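First up is the structure itself, then whatever we jot down about it.
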Amino acid sequence: MLKVIERKNEIILHGIRESWEQTRWLGSVILQPHAKKNRSIKPSDLMKFPWDEKPKPKTANDEKRQKLFEKWDAEMAAKAGKIESDGTE
């Protein structure tokens, strides 16, 4: 059931994105005759959308940082458990 809901959500989001892309393209076409000579207006010049940005690939540093944060979280959880059990630090 969850897969069906996720797929329906993807279809709706795709329709919304497509609509915004059409709007942006239409805006660039309408403004093009009013642009300075030798200057073309690209749709991406008008508006930037979150889906235009490509996600950055994860690096080794990101993985090391994540492991370090997990280690710190575990240490803090252990420390918090010790404080709760005997009331001292």
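Readers should treat all values here as calculations from the given coordinates under stated rules, not as data from a laboratory. Because the structure is predicted, anything quoted here is derived from the model rather than measured. Because the Cβ atoms are built from the backbone with ideal geometry, glycine has one as well, and the counts that use them run over all protein chains shown.
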**Asked** Given the convex hull of the Cα atoms of the chain, what is a quarter of its surface area in nm²?
**Response** 12.3
**Asked** Of PRO33, THR59, ASN9, which is farthest on the positive side of the dipole of the chain, counting Cα position, with +1 on Lys and Arg Cβ, -1 on Asp and Glu Cβ, and the Cα centre as origin?
**Response** PRO33
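To the nearest 20 debye, what is the magnitude of the charge dipole of the chain about its Cα centre, counting +1 on the Cβ of each Lys and Arg and -1 on the Cβ of each Asp and Glu? It would help to have the intermediate numbers written out before the result.
Working: 19 positive and 15 negative charges, 161 e Å.
Using only the charged Cβ atoms, the result is roughly 780 debye.
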**Prompt:** Separation between the ALA60 and ASP45 pseudo-spin-labels, each 7 Å from Cα along Cα→Cβ, expressed in nm?
**Reply:** 4.2
**Request:** Determine, from the Cβ-Cβ distance of ASP73 and ARG17 and an R0 of 41 Å, the FRET efficiency 1/(1 + (r/R0)^6), rounded to the nearest 0.05.
**Result:** 0.70
**Asked** Among the lysines, which have Cα under 24 Å from the Cα of LYS56 when same-chain residues fewer than 8 positions away are ignored?
**Response** LYS42, LYS48, LYS64, LYS67
**Prompt:** Considering every pair of different Cα atoms, what Kirkwood radius, in Å, is found for segment 1-52?
**Reply:** 12.8
